[in-house]
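Asks: Below: one structure in structure tokens.
Rule-based calculations on the coordinates, nothing more; no lab input. The shown structure was predicted, so the numbers you read here are calculated from the model rather than taken from an experiment. Please note: Cβ atoms are built from the backbone with ideal geometry, for glycine as well, and neighbour counts cover all protein chains shown.
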Amino acid sequence: NAGVTQTPKFRILKIGQSMTLQCTQDMNHNYMYWYRQDPGMGLKLIYYSVGAGITDKGEVPNGYNVSRSTTEDFPLRLELAAPSQTSVYFCASSYGGGSYEQYFGPGTRLTVT
Amino acid sequence: TQLLEQSPQFLSIQEGENLTVYCNSSSVFSSLQWYRQEPGEGPVLLVTVVTGGEVKKLKRLTFQFGDARKDSSLHITAAQPGDTGLYLCAGRGAGNMLTFGGGTRLMVKP
């Protein structure tokens, strides 16, 4: 099992550009999450999904969009990138919510200049 | 919004020393998890504690959940360079989602 994979690993965007961060899991998990981690900080939840076709906002959803058309994939879309979106983005999945273990991908380091 | 505060934020110690990391909140959590994150990687789960007062041991690491389920601690005995990393606590609260603390960055020098 590859677990949770994310692409790309690194990306530099200019202000106003858009991009999609890809996330795929092969563990047949129902729950998937997107977090951002600013330097030296913990993780903040952007969006999450409890199953295909169902998504909901987390703590910091502004400037982002998600979709969940399949169990495996949970892409994160950044529209009109801003310097405040410079961060490391982690995708995670879990069998269930709450105290089920979340499995994290290796992250995407995004810089907006 | 439920907040989790971790202390200290940074800790640099010599190999063989003991240390304790704290995770505190004014809110009650149904369960609490500890993750460790190494540079360039995602966090990896160390332990989940569910019951107030619960103590779990993982080799040289001892985790405790406060009686009131508002706080937790991680104690490492005889730290080794391999323990170096960012330690994150995360509590399950309202909405069944995890709230992460700001992390404690630990460096263990040989």
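Asks: Could you pull the Rg and Dmax for the stretch B:48-110, using just the Cα atoms, both in Å?
Replies: Both quantities, over Cα of the stretch B:48-110: 13.1, 43 Å.
Asks: Apply the Karplus parameterisation 6.51 cos²θ - 1.76 cosθ + 1.60, with θ equal to phi minus 60°, to every residue of the stretch A:62-70 and state each ³J(HN,Hα) to the nearest whole Hz, in sequence, with x for glycine and proline.
Replies: 4, x, 10, 9, 9, 8, 9, 8, 10
Asks: Now for a separate question. Please compute, for the alpha-carbon atoms of the protein assembly as shown, the extent along each of the three principal axes and give them in descending order in Å.
Replies: So the extents along the principal axes, rounded to whole Å, are 48, 35, 35.
Asks: Count neighbours as other Cβ atoms within 10 Å of each site's Cβ, and list the trypsin sites (Lys or Arg not before Pro) in the stretch B:59-110 that are DSSP loop with at most 11 such neighbours.
Replies: Those that pass, being in a loop and sparsely packed, are B:Lys59.
Asks: What chymotrypsin sites (Phe, Trp or Tyr not before Pro) does the stretch B:3-79 have in DSSP loop regions with at most 11 other beta carbons within 10 Å?
Replies: Passing both the DSSP loop test and the Cβ count: no residue.
Asks: If you place +1 on the Cβ of every Lys and Arg and -1 on the Cβ of every Asp and Glu, how big does the dipole about the Cα centre of chain A come out, in debye to the nearest 20?
Replies: In debye, rounded to 20, chain A gives about 380.
Asks: Something else now. Going by the alpha-carbon gyration tensor, a ≥ b ≥ c the square roots of its eigenvalues, is the stretch A:20-84 rounded (a/c under 1.5) or, if a/c is not under 1.5, prolate (a/b greater than b/c) versus oblate? Provide the component values of the computation, followed by the final result.
Replies: Details: a/c = 1.95, a/b = 1.57, b/c = 1.24.
Prolate, because a/c is 1.5 or more and a/b exceeds b/c.
Asks: Run through the stretch A:24-113 and list the chymotrypsin sites (Phe, Trp or Tyr not before Pro) located in a DSSP loop whose Cβ has at most 14 other Cβ atoms within 10 Å. Intermediate results must be reported in sequence, preceding the final value.
Replies: Working: sites: A:Tyr31, A:Tyr33, A:Trp34, A:Tyr35, A:Tyr47, A:Tyr48, A:Tyr64, A:Tyr89, A:Phe90, A:Tyr95, A:Tyr100, A:Tyr103, A:Phe104; in loops: A:Tyr95, A:Tyr100.
When the chymotrypsin sites (Phe, Trp or Tyr not before Pro) of the stretch A:24-113 are filtered for loop state and at most 14 Cβ neighbours within 10 Å, A:Tyr95 remain.
Asks: Which length gain, in nm to one decimal place, applies between A:Leu80 and A:Thr5 when the Cα-Cα distance is subtracted from 0.36 nm times their residue separation?
Replies: 24.5 nm
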